[in-house]
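FYI, it's all coordinate maths here, none of it is from the lab. Computed from a prediction, not measured in an experiment: that's the story for all the values here. No Cβ is skipped: glycine too gets one built from the backbone with ideal geometry, and neighbour counts run over all protein chains shown.
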Amino acid sequence: MEQRLVSLLQSPLNLNPNQLKQLHALIITSQPSIFPLFLKHVSAPATIQYARQIFDEIPQPDSLFCNSIISIFSKLSLHQEAIKVFFSAHFKRTKLAFFSVPSILKSCASLAASAEGKQVHALSLIRGFCSNVYIQTALIDFYSKNGDMDAAKRVFDEISVKDPVPCNCLISGYSKSGNVLEARRVFEMMQLRTVASWNSMISCYAHVGDPIEGLRLFERMQNEKEKPNEMTLVTVLSICAKLGDLRTGLKVKEMVDVHDLRTNLIVRTAVSEMYMKCGAVDEARKVFDEMSQRDVIAWSAMIAGYAQNGRSNDALELFEKMCLENIEPNEVTLASVLSACAQLGSVEVGEQIGSYIEGRGFASGVYVGSALLDMYAKCGNIKRARRVFDNMKHRDVVSWNSMIGGLAINGLADDAIELYEKMIRDQFKPNDVTLIGLLTACVHGGLVEAGIRFFDSMQKEHNVTPKVEHCACMVDLYCRSGRLEDAYKFISKMETEPNVVIWGTLLSACRVHSNIELAQCSMEKLLVLEPHNSANYVLLSNIYADAGRWEEARKMRNLMRKKDVQKLAGYSWIELEDTVHKFLVGDTFHPSSDEIYDIVDGLSLQLKLVDKNSDYDLELCEAS
DNA sequence: TTAGGGTTAG
């Protein structure tokens with residue numbers, strides 16, 4: 001009987017839970033001495049929970065059994081379970097086994113279980129395991145993932161012979177904590193580098209905001225005859241995407257083809273992404289369409305690319321296709337879809353997707369929440385935007401910016417300012433985008449003094465350097481309230497070079513406020529900056545005409561002709577049930593022209609009657 | 001030990 005059982009247990013068994021129980025009972029009742037042999041079978045991934053039950057019942061399990069349970073839990077990413085078993089074994093006075101240490105440290109690293117990991121380190125020291133490179137490497141990894149690079153470095157310094165693996169581990173730790181200098185120091189010190197060393201170092205530069213240095217390193221890697229693998233190429237492709245460097249991107253794509261990595265899903269996604277970010281949207285789509293399999297990341301990347309390139313309709317179409325193929329969208333997908341909806345400003349589509357997202361409870365995350373409230377605000381539903389904002393569990397600077405900007409573009413200047421003040425009280429640091437929203441609010445509300453105050457506080461109080469966009473807001477602010485001289489003074493004192501937006505703003509304000517002198521001055525600049533924009537010539541010509549200075553108006557028209565500037569017609573268009581209707585000012589070609597004008601007249605009458613704020617419920621603004 | 005996708009403004 002014993003012999004038969006032993007030989008049975010020595011062969012590979014694939015037992016279902018019932019058979020397992022029967023065998024277990026048989027062994028316990030007839031041959032308890034061969035129980036350890038049985039444990040070997042029970043601690044397999046498929047039967048790990050059963051092993052766990054047995055483990056709980058044994059007063060002092062042997063360390064081999066403990067080790068296999070821990071390593072299986074760890075491999076299955078059931079880190080919490082692995083840690084529980086480890087400490088439970090410790091309290092049952094089972095001695096820590098050498099081979100358990102890397103697994104348990106991996107679990108502690110994954111969960112950022114700092115205290116537990118340190119205890120494992122202490123136990124390893126007591127058992128004298130810490131002079132082993134395997135365990136030292138696991139410790140470096142653990143401390144790195146916990147963000148304690150000093151501890152990681154201390155362990156590293158203890159290693160006598162520096163194999164590539166612990167070095168790579170340390171590089172990747174420095175890389176994740178953004179310490180590119182230390183990472184590079186370790187990298188340069190290595191006698192023998194592996195592909196992983198290069199990859200970690202290159203991706204470090206990619207993430208730390210120095211992609212150019214990443215490319216240089218990639219070049220050096222080739223000079224030193226180190227063969228890149230798919231991870232290298234993916235990283236370098238993402239650098240090219242970031243830089244919008246199509247030339248290098250295409251070279252890397254060639255390497256993908258040469259190394260026959262075309263079928264790798266991640267590589268293909270990276271190639272498609274590279275095209276996308278370099279503006280080659282249709283090439284990206286081609287790569288995407290030719291992929292034999294696509295995961296949610298591939299779909300999301302493509303949808304995001306469409307949204308970022310202003311091709312909202314394509315983004316939404318692709319999203320629909322994705323749903324039809326039963327790929328479950330995640331937060332990343334939805335954030336991009338919302339951005340596409342926001343660009344369209346279509347209330348109908350927006351409400352539909354918005355309800356879908358809120359219904360599934362996706363609205364409280366930072367990315368989706370911000371994108372959702374931005375979309376509602378852009379579609380004019382400011383109440384719903386505010387509700388999303390108030391219900392968000394966590395907010396970051398983008399959430400605040402989206403809400404402040406949303407209130408601003410909906411004409412609710414006071415609410416925008418109030419929210420900004422709350423943002424400051426809540427200790428959030430505003431950035432340049434926040435100030436754009438805030439200044440926009442002042443422009444829409446005609447709040448000149450407030451705008452000046454906020455502009456002055458940018459650098460002084462928040463250490464945000466005004467960009468040309470902020471200056472454009474200020475110029476707009478002065479201009480709209482008729483303070484053209486102040487606008488001009490402001491422009492003269494600007495630290496950045498004024499651009500066409502700024503001079504253009506001043507020029508159009510000059511028509512409204514009949515200021516010929518400043519108009520001429522703006523035009524002088526605009527003739528240099530954008531000599532082919534017909535709008536400027538027409539504007540100045542009209543300013544002269546308004547003042548009865550016909551001769552100069554005519555000269556302007558002649559200058560336009562001389563420079564061969566074409567006047568572009570400003571068409572408006574609207575899409576209704578797959579048909580695009582195009583209109584020119586005053587045109588009467590549309591078959592329903594009369595009705596259309598009736599409705600337009602009605603609308604403008606209504607707009608004049610409606611008080612700008614009456615539709616907004618102020619109670620909702622009470623910050624949560 | 002190393003790899004791909006996201007929100008705001010202009």
For A:Lys225, the lysines lying under 19 Å Cα to Cα, once residues fewer than eight places off in the same chain are dropped, come out as A:Lys251, A:Lys253
Where nothing but the Cβ of Lys and Arg (+1) and of Asp and Glu (-1) is charged, how large is the charge dipole of chain A around its Cα centre, in debye to the nearest 20? 2240 debye
If a paramagnetic tag sat 7 Å from the Cα of A:Ser160 along the Cα-Cβ line, which residues of the stretch A:114-133 would have the backbone N under 13 Å from that point? A:131-133
Restricting to aspartates and glutamates and to Cα separations under 18 Å from A:Lys84, and discarding same-chain partners fewer than 8 apart, the set is A:Asp56, A:Glu57, A:Asp62, A:Glu116
Order by neighbour count: A:Asp476, A:Asp486, fewest other Cβ atoms within 10 Å first, most last. A:Asp486, A:Asp476
Under a point-charge model restricted to the Cβ atoms of Lys and Arg (+1) and Asp and Glu (-1), what is the dipole moment magnitude of the stretch A:32-181 relative to its Cα centre, in debye to the nearest 20? 80 debye
With Cβ to Cβ distances under 12 Å as the rule, what net charge do the other residues near A:Ala270 carry (K, R +1; D, E -1)? +3
Net charge contributed by nearby residues that have their C-beta within less than 13 Å of A:Ala44 (K/R +1, D/E -1): +3
Which of the pairs A:Lys493/A:Lys525; A:Lys393/A:Lys422; A:Lys429/A:Lys467; A:Lys567/A:Lys608 have their Cα atoms more than 27 Å apart in this structure? A:Lys567/A:Lys608
Sequence neighbours fewer than 8 away in the same chain don't count; with that in mind, list the aspartates and glutamates whose C-alpha is under 14 Å from A:Lys460. A:Asp432
For the stretch A:354-491, evaluate the Debye formula with one uniform point scatterer on each Cα (no solvent term) and list log10 I(q)/I(0) at q = 0.12, 0.20 Å⁻¹, rounded to two decimals. -0.47, -1.10
Note down the magnitude of the dipole of the stretch A:483-541 about its Cα centre, charges +1 on Lys and Arg C-beta and -1 on Asp and Glu C-beta and zero elsewhere, to the nearest 20 debye. 140 debye
Taking chain A as the reference, fit the longest principal axis to its C-alpha atoms, fit the long axis of helix A:397-409 to the helix C-alpha atoms, and give the angle between the two in degrees, 0 to 90, nearest 10. 20 degrees
